[in-house]
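A.B. asks: The structure that follows is given in the form of structure tokens.
The values are calculated or read from the model by the stated rules, or taken from the named source; none is laboratory data. What you see is a predicted model, and the numbers here were worked out from it, not measured in a lab. Don't worry about glycine lacking a Cβ; one is built from the backbone with ideal geometry, like all the others, and counts go over all protein chains shown. To get the accessible areas, we keep the full protein, side chains included, count just its heavy atoms, and leave off ligands, DNA and RNA. Shrake-Rupley method; radii C 1.70, N 1.55, O 1.52, S 1.80 Å.
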Amino acid sequence: MNTSLFELFKIGIGPSSSHTVGPMRAALRFTRELATSHLLEETAKVNVDLYGSLALTGIGHGTDRAILLGLLGEAPDTVDPATVETKIAAIRSTGALALNGSKTIPFTESENLTFRRNQMYPDPAVTSHPNGMRFTAFDSTGATLSEQIFYSIGGGFIVSEAERTATSQTSTRKVPYPFRSSADLLAIAKQHNLTIADLLLANEVALLNDPKISINRPNPPSSSESQSQAPHLRHSFIVAKLGRSATEPLLTPSDVTSLTPQSPEDQIKASILALWQAMQQCTARGIATEGILPGGLNVRRRAHRLAERLNTIGSKDPLAPIDWVTVYAMAVNEENAAGGRVVTAPTNGAAGVIPAIANYYTHFIEGTEEEKQEGIIRYFLTAAAIGILYKENASISGAEVGCQGEVGVACSMAAGGLVAALNGTNEQVEHAAEIAMEHNLGMTCDPIGGLVQIPCIERNGMGAVKAINACRMAMHESGDHKLSLDQVIATMYQTGLDMQSRYKETSLAGLALNIIEC
């Protein structure tokens with residue numbers, strides 16, 4: 001087991017983990033390596049070449065902007081989304097950028113940033129990954145100082161060419177309960193009498209305690225930080241039944257910091273709740289905000305109107321909870337499409353599913369505040385365990401396996417996580433995750449105009465509802481089921497590899513081809 005919960009769930013910016021977060025991280029890593037190699041001051045020019053899906057849909061996904069921000073020294077988790085436009089405009093108006101925030105070099109996108117739309121891979125003779133990038137630094141004489149190839153492999157993860165081709169893939173990370181398959185996961189949990197959540201918590205503690213491993217975990221906010229600037233839209237059905245608004249956050253900053261992080265377990269739990277709080281803030285902003293999304297498709301934000309309508313309907317509609325799940329998911333993905341602050345879960349294009357189901361659990365499932373908090377922690381730990389299986393045995397990259405690797409994986413993670421939150425068994429967790437993916441197999445990634453808007457925003461709402469259904473089916477079943485999660489993961493990956501590349505985040509087929517942009 002190589003991946004941490006906090007690498008699957010990362011705070012960043014929209015609209016894409018593979019096309020925005022990953023390229024920004026690659027550009028940042030390149031500039032930092034120039035600095036550590038003492039080549040930064042010698043650098044007079046930098047060229048960036050994009051290939052495959054990054055070249056074909058990069059403009060719509062904000063890859064160009066992400067590259068510029070990374071070269072400036074900005075990171076996805078710390079850059080202020082409100083300052084992005086100003087930073088990009090300054091580079092474009094002056095024709096220069098401060099490499100790594102310090103060394104000013106000439107940079108114009110027409111000369112230094114090339115979208116190689118007719119070339120799928122950096123080396124056309126070698127099949128690698130369809131999200132390739134080449135960074136080249138030159139000195140004042142035109143001599144090459146450094147050249148690096150990176151791949152954005154989904155979910156904001158990046159690998160260099162050397163890392164991709166490394167002969168040994170053996171992990172140096174040591175955890176008490178390593179697993180490579182869902183069969184391993186169930187067997188180890190049964191052997192040690194653990195829930196999947198408890199097992200992953202123990203592994204996360206081991207990663208936390210290892211000084212050789214650097215993982216960026218969010219810190220609990222101070223009590224002075226505002227939970228959200230969004231107004232709370234009250235829903236009479238929930239207020240009457242649970243005493244809570246459908247958009248009112250479960251956690252306040254004081255709730256998060258009440259887990260005084262003295263033990264490693266408490267530190268992990270506090271960081272999980274900090275992630276959850278960031279998701280709640282994103283959901284609240286998405287519900288509060290109206291207007292047209294950027295990019296040229298003139299897509300109207302709908303979460304606000306849907307929430308207002310549900311507030312009006314109140315308890316008269318028995319399916320209102322399902323409608324709220326759709327609102328939660330769409331609110332997050334509208335924020336993502338606008339380039340706002342989101343939590344990758346496990347990708348940006350699928351970022352709405354996990355928080356939508358967490359909101360469903362906190363607002364529509366009865367229980368005390370303490371029970372809800374513990375349920376949320378179980379939810380994220382279990383969802384992460386499922387996500388790790390997909391990340392390490394298949395793919396979470398839409399450019400590699402289509403949207404089944406994004407919304408499909410998020411749906412599977414959320415279904416299993418919800419079972420855990422509801423105190424289901426490990427076997428029911430596995431079954432729910434299997435059901436959810438089984439009915440996302442073959443889903444293409446064909447965003448219109450290369451924008452993470454149509455069909456992506458609605459698709460998150462559909463994926464969230466499907467996760468609830470998969471959870472309920474699994475928890476009503478008893479005994480064995482025919483298909484295992486491992487079998488479905490293998491099927492998803494093979495299906496993705498068999499899928500034509502024009503259906504995998506290239507906007508060359510499907511809806512992207514047959515719907516006229518307007």
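A.B. asks: Could you please state how large a percent of the accessible area of the chain is carbon and sulfur, counting protein chains only and using a 1.4 Å probe? Write down the numbers at each step before the final one.
C.D. replies: Details: 10250 of 20500 Å².
C and S atoms contribute 50 percent here.
A.B. asks: Follow-up. Which residues make up the longest stretch of the chain clear of trypsin sites (Lys or Arg not before Pro) that lie in a DSSP loop with no more than 10 other Cβ atoms within 10 Å, not counting the sites? Present the calculation step by step, with values, prior to reporting the outcome.
C.D. replies: On the way: sites that count: Lys212, Lys482.
Result, exposed sites excluded: 213-481.
A.B. asks: Using a simple charge model, +1 on the beta-carbon of Lys and Arg, -1 on the beta-carbon of Asp and Glu, nothing else, what dipole does segment 67-132 show about its Cα centre, in debye to the nearest 20? Kindly include the intermediate steps, with their values, before the conclusion.
C.D. replies: Details: 5 positive and 7 negative charges, 39 e Å.
Dipole magnitude for segment 67-132 comes out near 180 debye.
A.B. asks: Take the alpha carbon gyration tensor of segment 1-46, find the square roots of its eigenvalues, order them as a ≥ b ≥ c, and report rounded if a/c is under 1.5; if not, report prolate when a/b exceeds b/c, else oblate. Walk me through the numbers on the way to the answer.
C.D. replies: Details: a/c = 3.89, a/b = 1.88, b/c = 2.07.
Oblate is the answer for segment 1-46, as a/c is 1.5 or above yet b/c matches or exceeds a/b.
A.B. asks: Can you classify segment 1-137 as rounded, prolate or oblate using the Cα gyration tensor, where a ≥ b ≥ c are the square roots of its eigenvalues, rounded means a/c under 1.5, and otherwise it's prolate if a/b beats b/c and oblate if not? Please report the intermediate quantities before stating the final value.
C.D. replies: Numbers: a/c = 1.33, a/b = 1.12, b/c = 1.19.
It comes out rounded by the Cα gyration axes.
A.B. asks: Report the one residue of Pro124, Gln428, Met492 whose Cα lies farthest in the direction of the positive end of the charge dipole of the chain (charges on C-beta: Lys and Arg +1, Asp and Glu -1; origin at the Cα centre).
C.D. replies: Projecting each Cα onto the dipole axis, the largest value belongs to Pro124.
A.B. asks: Let me ask another. What whole-number distance in Å separates the alpha-carbon centres of segment 396-457 and segment 106-126?
C.D. replies: So the two Cα centres are separated by 32 Å.
A.B. asks: Further question: Taking 7 Å along the Cα-to-C-beta vector as the label spot, tell me the Thr368-Asn216 distance in nanometres, rounded to one decimal.
C.D. replies: Spacing of the two 7 Å Cα→Cβ label points: 3.8 nm.
A.B. asks: Something else: Once you charge only the Cβ atoms, +1 for Lys and Arg and -1 for Asp and Glu, what is the size of the charge dipole of segment 404-514 about its Cα centre, to the nearest 20 debye?
C.D. replies: On the way: 6 positive and 12 negative charges, 65 e Å.
My answer is approximately 320 debye.
A.B. asks: Could you give the accessible area per residue of the chain, probe 1.4 Å, as a whole number in Å²? Mind showing how you got there, number by number?
C.D. replies: On the way: 20500 Å² over 518 residues.
Accessible area per residue, the chain: 40 Å².
A.B. asks: Moving on to the next point. Which entries in Lys10/Lys190; Lys212/Lys269; Lys212/Lys391; Lys10/Lys174; Lys482/Lys504; Lys10/Lys316 show an alpha-carbon gap greater than 27 Å? Let's see the in-between values first.
C.D. replies: Values: Lys10/Lys190 30 Å; Lys212/Lys269 21 Å; Lys212/Lys391 22 Å; Lys10/Lys174 22 Å; Lys482/Lys504 29 Å; Lys10/Lys316 38 Å.
Those over the limit are Lys10/Lys190; Lys482/Lys504; Lys10/Lys316.
A.B. asks: What number does the chain give for Rg over Rh if you use C-alpha atoms and the Kirkwood radius? Walk me through the intermediate numbers first.
C.D. replies: On the way: Rg = 22.2 Å, Rh = 23.1 Å.
My calculation of the ratio gives 0.96.
A.B. asks: Here's something else I'd like to know. So how do 324-333, 76-85, 424-433 stack up, highest first, on mean other-Cβ count within 10 Å? Present the calculation step by step, with values, prior to reporting the outcome.
C.D. replies: On the way: 324-333: 29.5, 76-85: 15.2, 424-433: 24.8.
Averaged packing, sorted descending, gives the order 324-333, 424-433, 76-85.
A.B. asks: Still on this structure, please answer the following. If you put +1 on each Lys and Arg Cβ and -1 on each Asp and Glu Cβ, how big is the dipole of the chain around its Cα centre, in Debye rounded to 20?
C.D. replies: Values: 40 positive and 52 negative charges, 133 e Å.
It works out to roughly 640 debye.
A.B. asks: May I pose another question? Show me the GluC sites (Glu not before Pro) within segment 309-382 that DSSP assigns to loop and that have at most 15 other Cβ atoms within 10 Å of their Cβ. Can you show the working numbers first?
C.D. replies: Details: sites: Glu334, Glu335, Glu366, Glu369, Glu370, Glu371, Glu374; in loops: Glu366.
Taking segment 309-382 and a limit of 15 other Cβ atoms within 10 Å, the loop GluC sites (Glu not before Pro) found are Glu366.
A.B. asks: When we measure straight from the Cα of Lys372, which aspartates and glutamates land under 19 angstrom away, once same-chain ones fewer than 8 places off are left out?
C.D. replies: Candidates past the 8-residue exclusion: Asp198, Glu248, Asp255, Glu265, Asp266.
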